[in-house]
Amino acid sequence: MRRTPLVLLAVLGLAAPAAAQAAPPKLSASLAACETGAEPAQRFAVFTGSMPARRGARRMSMRFDLEERGSNPEDSVQRVAAPKLGRWNRSKPGVAGFVYTKRVTRLEPGRWYRAVVRFRWHDARGRVKRAAKRTTPFCHQPDQRPNLKLESLRSPKPGSYLVTIVNAGLAVAPASTVAVEPRPATEFQRPVPPLAPGERTSVVVEGERCGKDAVVVVQLDRDRVVDESREDDNRVELACPAADRLEAS
């Protein structure tokens, strides 16, 4: 998938004056909003850091770093560069608390985003007296592409395979081909119509009967014409449907 740069749409800093507003109850980093959509401008996250004043501290400062990982949980988390991130934002002197918000837009589909928020308390000379760090929950941006999945395989009669396919993705899947291989090196194909998101269809593939202990291979998008959010679930191996088995004599 082509990577597009992140653009910081808006930054808002909110200081809580001591005389006008109570201090934030605790140190926190939160995901205030996570919006998804097909258009880049619809995909954004809002992260908020909140810190109360500490005794002996004259000012407070806060820094946001954006991190992302891929769609698989085992993918590593990496820092993402974006304008106005990765730098310190300072409070007014003598306030009871400091709240700062970062809004990041044009997030990429198929990825997870979070913010690492760092906090510092400074004395009257600007020296750091205390530091802390918190991490927000992830904002998930679903992949906006289609995803063909095998829902079921049945055999209405010997040598005939009823393949039910569903588009579990978020975009229309164009016309494709499904192949069924009841025996090694013997493949039978049938066209599959376009499928809207959430739509399913059943296709009858006429072929050969499979043996009692045979494995039937179903290959969705046989000619690889559909750009899918997942390609690793297109090939499925199943036991021969009971009604279609060849019994040994």
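A few comments on the model shown:
- Tally, over the range 193-206, of residues that are within 17 Å of Ser152 (Cα to Cα) and touching a residue at least 40 places away in the same chain (Cβ under 8 Å): 7
- Exactly one residue out of Arg183, Arg106, Arg114 is surrounded by 15 or more Cβ atoms within 10 Å (Cβ to Cβ) and not assigned by TED's automatic domain parsing to the domain that holds Arg55: that is Arg183.
- Against the numbered list (1) of a type in the set (Gly, Ala, Ser); (2) surrounded by 15 or more Cβ atoms within 10 Å (Cβ to Cβ); (3) at positive phi, Ala96 comes up short only at (3).
- Checking each residue in the range 146-161 for being assigned to a strand (DSSP E or B) and either of a type outside the set (A, V, I, L, M) or surrounded by fewer than 16 Cβ atoms within 10 Å (Cβ to Cβ) (or both) picks out Lys149, Glu151, Ser152, Arg154, Ser155, Pro156, Lys157, Ser160, Tyr161.
- Beta carbons closer than 8 Å, at least 6 apart along the sequence or on distinct chains, pair a first residue in the range 134-159 that is closer than 15 Å to Val216 by Cα with a second that is modelled with pLDDT of 95 or more and of a type in the set (Lys, Arg) for Glu151/Arg200.
The values are calculated or read from the model by the stated rules, or taken from the named source; none is laboratory data. Note that the structure is predicted; figures quoted are calculated from it, not measured. No Cβ is skipped: glycine too gets one built from the backbone with ideal geometry, and neighbour counts run over all protein chains shown.
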